[in-house]
Amino acid sequence: NVGSLKGALAPYWSQVGAAVSPSTILAGKADLLKIHYNSLVAGNAMKWDATEKTEGVFSYGDADTIVNFATANNMKVRGHTFVWHNQTPAWVFQDANGATMTATAANKTLLLNRLKAHIDALAGRYKGKISAWDVVNEVLNEDGTPRNSMWYQIAGLDYIRNAFTWARAADPGAVLCINDYNLTVGSKRDGMYNLVNQLKGEGIPIDCVGSQMHNNINWPTASDTSAMLDKFAALNVTQQITEMDVSIYTDNTSSYTTVTDAHQTALATRYKALFDVFKAKASLISSVTFWGVSDDDSWLQTWPIARLDAPLLFDSQLQVKPAYWAVTGLNPSG
Ligand code: G3I
């Protein structure tokens with residue numbers, strides 16, 4: 001009896017989620033999802049390139065599949081994401097003549113108008129069905145300064161200010177998050193703190209800091225993870241763990257031909273170290289989401305190179321792994 005992930009974590013969090021695609025739901029994982037999770041996020045289906053490939057032409061098919069499944073099964077949905085520098089169609093950053101935008105006032109107006117139309121459409125369609133939106137994703141550099149994306153080049157921080165303001169207006173019930181990776185690293189953590197502190201001081205409606213938590217078997221440390229949660233607690237926001245996984249690799253080039261028991265043990269050890277911190281500070285965190293369900297789902301099978309990885313709690317046969325017991329605290333023998 002493996003029990004259930006959401007049941008075991010219920011004393012800590014009422015929302016335990018997984019990133020899914022329509023095929024996760026349609027290709028045999030629906031039962032597993034219903035047993036173990038009560039929240040879903042679209043791994044790709046709500047991104048700009050999936051929902052508005054052509055200006056003003058919205059396609060919601062895949063996103064609807066996920067939202068409808070969640071709603072039918074009493075699950076929450078995290079919305080991911082309105083603003084990102086990746087998976088955004090080229091037209092978004094093209095001027096009235098179809099050339100790549102340069103930083104002019106007219107282009108800023110055009111870009112922000114497109115952003116508002118996009119947010120109004122997505123947030124409006126799913127109004128009342130989304131527990132939290134990742135309003136902006138990955139807006140910082142590793143040193144904590146603003147990422148020099150096209151968004152920033154054309155609109156400065158106004159793209160962030162407006163995105164939150166428009167998202168609040170379009171779906172007042174959703175928790176609004178600023179989401180990023182590597183927030184356990186001091187420089188980026190401090191950059192996030194300073195940015196949110198500044199924008200909240202201006203009255204921008206930021207409710208939540210999302211920490212992706214893409215980890216590996218050696219990283220990050222429990223103390224850096226704890227320091228991150230403590231730092232953001234002072235911002236008076238809720239925190240969400242939004243994209244949790246743990247790679248068996250600690251570099252970008254190694255590649256194993258098999259995943260060994262030693263890998264699975266190391267994975268379980270890191271998962272336990274991080275979840276011990278999350279559980280000790282559970283009240284700071286309002287949801288925990290894994291970036292996939294079973295190992296075969298993971299983006300880490302193709303990034304940074306194509307290689308075997310085992311970053312999640314279920315293996316490719318949908319069986320629980322040592323990491324599952326480590327996270328749940330349940331006993332494999334019964
Ligand atoms: O849909 C096309 C398909 O038509 C085509 O045949 C195939 C061939 O390459 O590509 C498919 O698109 C892929 C897409 O995932 C859907 O599977 C893209 O190539 C691939 O680049 C894309 O990767 C996604 C990645 O974001 C893109 O940056 C991953 O699935 C997704 O898990 C990952 O998620 C991000 C979060 O949004 C933000 N945080 C980091 C996280 C991991 O990178």
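The values are calculated or read from the model by the stated rules, or taken from the named source; none is laboratory data. Owing to the predicted nature of the structure, the values given are computational and were not obtained by experimental measurement. Please note: Cβ atoms are built from the backbone with ideal geometry, for glycine as well, and neighbour counts cover all protein chains shown.
If I ask for residues that are within 13 Å of the ligand (Cβ to nearest atom), in a loop (DSSP other than H, G, I, E, B), on the phi < 0 side of the Ramachandran plot and crowded, with 17+ Cβ neighbours inside 10 Å, which ones from the stretch 275-326 would you list?
Selection gives 291, 293, 298, 309, 311, 312.
Evaluate the following for residue 27: is it more than 15 Å from the chain's Cα centre (by Cα), within 16 Å of the ligand (Cβ to nearest atom), surrounded by fewer than 21 Cβ atoms within 10 Å (Cβ to Cβ) and free of Cβ contacts under 8 Å to residues at least 60 places away in the same chain?
Judged against the criteria, residue 27 is a match.
For (1) part of a strand (DSSP E or B); (2) touching a helix residue (DSSP H, G or I) at 6+ places or on another chain (Cβ under 6 Å), each residue gets a yes or a no:
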residue	(1), (2)
209	yes, yes
227	no, no
230	no, no
236	no, no
273	no, yes
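If you check residue 139 against the conditions, is it within 17 Å of the chain's Cα centre (by Cα), within 30 Å of residue 100 (Cβ to Cβ), modelled with pLDDT of 95 or more and β-branched (Val, Ile, Thr)?
yes
So which pairs qualify, if the first residue must be in the stretch 44-68 and without any contact (Cβ under 8 Å) to a residue 40 or more places away in the chain, the second must be assigned to a helix (DSSP H, G or I) and of a type outside the set (D, E, K, R), the Cβ gap must be under 7 Å, and the two must be at least 6 apart or on different chains?
What qualifies is 45/22; 45/63; 45/66; 59/51.
Only one of (1) farther than 25 Å from residue 195 by Cα; (2) surrounded by 14 or more Cβ atoms within 10 Å (Cβ to Cβ) is not met by residue 106, so which one is it?
Here residue 106 meets the rest and fails (2).
Hey, residue 249 hits all of (1) more than 16 Å from the ligand (Cβ to nearest atom); (2) in a loop (DSSP other than H, G, I, E, B) but one; which does it fall short on?
Against the list (1) more than 16 Å from the ligand (Cβ to nearest atom); (2) in a loop (DSSP other than H, G, I, E, B), residue 249 comes up short only on (1).
List the helices (runs of 4 or more DSSP H) inside the stretch 1-69, counting only whole elements, that have at least 3 residues being of a type in the set (A, V, I, L, M).
5-9, 30-36
Return yes when residue 264 is assigned to a helix (DSSP H, G or I), buried (at least 16 other Cβ atoms within 10 Å of the Cβ) and among the polar types (S, T, N, Q) and no when it is not.
Yes.
Which of the residues spanning the stretch 132-166 are outside any helix (DSSP H, G or I), touching a residue at least 60 places away in the same chain (Cβ under 8 Å), surrounded by fewer than 21 Cβ atoms within 10 Å (Cβ to Cβ) and not charged (D, E, K, R)?
149
Residue 34 versus (1) within 16 Å of the ligand (Cβ to nearest atom); (2) at pLDDT 95 or above: which is the lone unmet condition?
That leaves (1) as the condition not met.
How many residues does the stretch 82-111 contain that are more than 16 Å from the ligand (Cβ to nearest atom) and on the phi > 0 side of the Ramachandran plot?
Result for the stretch 82-111: 1.
Consider the stretch 43-79. How many of its residues are within 25 Å of residue 328 (Cβ to Cβ) and within 16 Å of the chain's Cα centre (by Cα)?
Residues that pass the stated criteria total 5.
With respect to residue 91, determine if the residue is surrounded by fewer than 19 Cβ atoms within 10 Å (Cβ to Cβ), in contact (Cβ under 8 Å) with a residue 24 or more places away in the chain and aromatic (Phe, Trp, Tyr).
yes
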